[in-house]
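Engineer: One structure is given below, represented as structure tokens, and several questions about it will come after.
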Amino acid sequence: VGIRFRASGKVYYFDPKGNRVSAGDCAIVETVRGSEFGEVSFGNRMIRKSDAATPLRPMLRVATKEDIARNEENRAKEQEALRYCQERVTARGLEMKLIDAQYAFDNSKLLIYFSSEGRVDFRDLVKDLVREYRARIELRQIGVRDEARIVGGLGHCGQELCCKRLGGEFNPVSIRMAKDQDLSLNPQKISGVCGRLMCCLRYEADTYKEFKTRCPKMNSMVSTPEGDAKVIEVNVPRETVTIMAGDKRVKIPVSEMDIDKKTGKPGIVSRDVYEECVNGDRTPSASVETLITPM
């Protein structure tokens, strides 16, 4: 079974030990930190050994009403602990920003996440927390990406942040992905609220890369019944190219083009396809535009 401990956290695999659960159920599982309360992300299923560490840790039981009530109490205690910790941080003048607090299910451990531009000597702060809560205290410094995932927010698209909504691991994102997708390299447009490159740049990177290996390149020439035409635009989502044929801009579906033996890529437009695109018999994605002033 797949268990997620936080709404935006990673899904971990556990041995159900005969228990049958479905997505949305709650369960108590055994972890390296002891017993923990988690939500079932997906129910019983078979997985490959390579997908999870072996042996799998056991699922102890399906959460009872008492377990759910205790978990809610822990969430309330976490907010109180965060407020107290913030008071001590302010009193001691520490340069750190508190992000979140997490209690172990049995209250034996309190984990506090924070961010800071540099190293912070928080030994005295830990002593304050130990005296107040009589539990094992751990302070963990995290980066801006993890901070955005915990806090949440809205992206440029108006949707909830991908890292918060989808969870999972962070995958490397590079500026090359933005270039391959013909996006503006303005940092304000391709950076998320965390200040790093947007995670969603990776989602379509493979699609753009694969399509561009089998379509005519920008500014290359393709053969048409009216002579050679220049490729002036490549539309990856629609898988079309726009060519300049005389004073006409014609959109041609790449799948309808014949292979040019010299380049090994689509580079020949047959008369039937060309006339259908010019006459507007194709879908709206493949149309013709006549320019007032020839380009």
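No lab work stands behind these numbers, since they all come straight from the coordinates. Because the structure is predicted, anything quoted here is derived from the model rather than measured. Note that we place each Cβ from the backbone using ideal geometry, even for glycine, and neighbour counts take in every protein chain shown.
Engineer: Please state the charge dipole magnitude for the chain, taken about the Cα centre, from unit charges on C-beta atoms (+1 on K and R, -1 on D and E), reported in debye and rounded to the nearest 20.
Structural biologist: Charge dipole of the chain: 980 debye, to the nearest 20.
Engineer: Same structure, new question: By the gyration tensor of its Cα atoms, with a ≥ b ≥ c the square roots of the eigenvalues, what is the shape of segment 83-145: rounded for a/c under 1.5, prolate for a/b over b/c, or oblate?
Structural biologist: Oblate, because a/c is 1.5 or more while a/b does not exceed b/c.
Engineer: Moving to a separate point now. So how strong a dipole does segment 76-146 carry about its Cα centre when Lys and Arg Cβ are +1 and Asp and Glu Cβ are -1, to the nearest 20 debye?
Structural biologist: 160
Engineer: Amide H to amide H, which residues 5 or more places from ARG61 or on other chains are under 5 Å from it, using H placed in the peptide plane?
Structural biologist: It is ILE28, by chain and number.
Engineer: Based on the Cβ-Cβ distance of SER22 and GLN159, what FRET efficiency does E = 1/(1 + (r/R0)^6) give at R0 = 30 Å, to the nearest 0.05?
Structural biologist: With a Förster radius of 30 Å, E is 0.65.
Engineer: Could you estimate the translational diffusion coefficient of segment 41-174 from the Stokes-Einstein equation, with Rh from the Kirkwood formula over C-alpha pairs, at 10 °C and 1.306 mPa s, in whole µm²/s?
Structural biologist: 90
Engineer: How large is ³J(HN,Hα), in whole Hz, for each residue of segment 240-249 in order, when computed from phi with the Karplus curve 6.51 cos²θ - 1.76 cosθ + 1.60 and θ = phi - 60°, using x for Gly and Pro?
Structural biologist: 3J(HN,Hα) across segment 240-249, in whole Hz: 10, 10, 9, 10, 9, 10, x, 9, 10, 9.
Engineer: Over what distance in Å are the Cα centres of segment 230-251 and segment 81-132 separated?
Structural biologist: 58
Engineer: Taking a ≥ b ≥ c as the square roots of the Cα gyration tensor eigenvalues, with a/c under 1.5 meaning rounded and otherwise prolate when a/b beats b/c, else oblate, which class fits segment 43-93?
Structural biologist: Cα axes put segment 43-93 in the oblate bin.
Engineer: Taking Cα pairs under 8 Å and at least six residues apart, what relative contact order does segment 1-138 come out at, in percent?
Structural biologist: 19
Engineer: What longest region of the chain stays clear of GluC sites (Glu not before Pro) that DSSP places outside H, G, I, E and B and that have at most 10 other Cβ atoms within 10 Å?
Structural biologist: Maximal segment without exposed cleavage sites: 170-295.
Engineer: Could you give me the ³J(HN,Hα) list for segment 105-114, computed from phi with Karplus coefficients 6.51, -1.76, 1.60 and θ = phi - 60°, whole Hz, x at Gly and Pro?
Structural biologist: Those phi angles translate into 4, 8, 6, 7, 9, 10, 10, 10, 9, 8 Hz.
Engineer: Let me ask another. Summing +1 for each Lys or Arg and -1 for each Asp or Glu, what net charge is found among the other residues whose Cβ lies under 15 Å from the Cβ of VAL144?
Structural biologist: +2
Engineer: Of the listed values (i) 20.2, 65; (ii) 24.5, 80; (iii) 28.0, 85, grab the one calculated as Rg and Dmax of the Cα atoms in Å from the structure here.
Structural biologist: Given (i) 20.2, 65; (ii) 24.5, 80; (iii) 28.0, 85, the calculated one carries the label (iii).
Engineer: Show that you can apply the helix-only estimate: for the chain, add -39,500 (n - 2.57) for every DSSP H stretch of four or more residues, divide by all residues, and state [θ] at 222 nm to the nearest 500.
Structural biologist: Only helices count here, giving -7500 deg cm²/dmol.
Engineer: From Cα pairs below 8 angstrom and at least 6 apart in sequence, can you work out the relative contact order of segment 159-267, rounded to a whole percent?
Structural biologist: Here the relative contact order equals 16 percent.
Engineer: Need the full-extension length gain, LYS10 to THR207, defined as separation in residues times 0.36 nm minus the C-alpha distance. One decimal, nm.
Structural biologist: 68.4 nm
Engineer: Another question about this same structure. Going toward the positive end of the dipole of the chain, with +1 on Lys and Arg Cβ and -1 on Asp and Glu Cβ, which of VAL273, GLY153, VAL11 do you reach last?
Structural biologist: Farthest towards the positive pole: VAL11.
Engineer: Which of the listed residues, LEU98, VAL130, TYR84, is farthest toward the dipole's positive end in the chain, when Lys, Arg count +1 and Asp, Glu count -1 at the beta-carbon?
Structural biologist: About the Cα centre, the residue reaching furthest to the positive side is VAL130.
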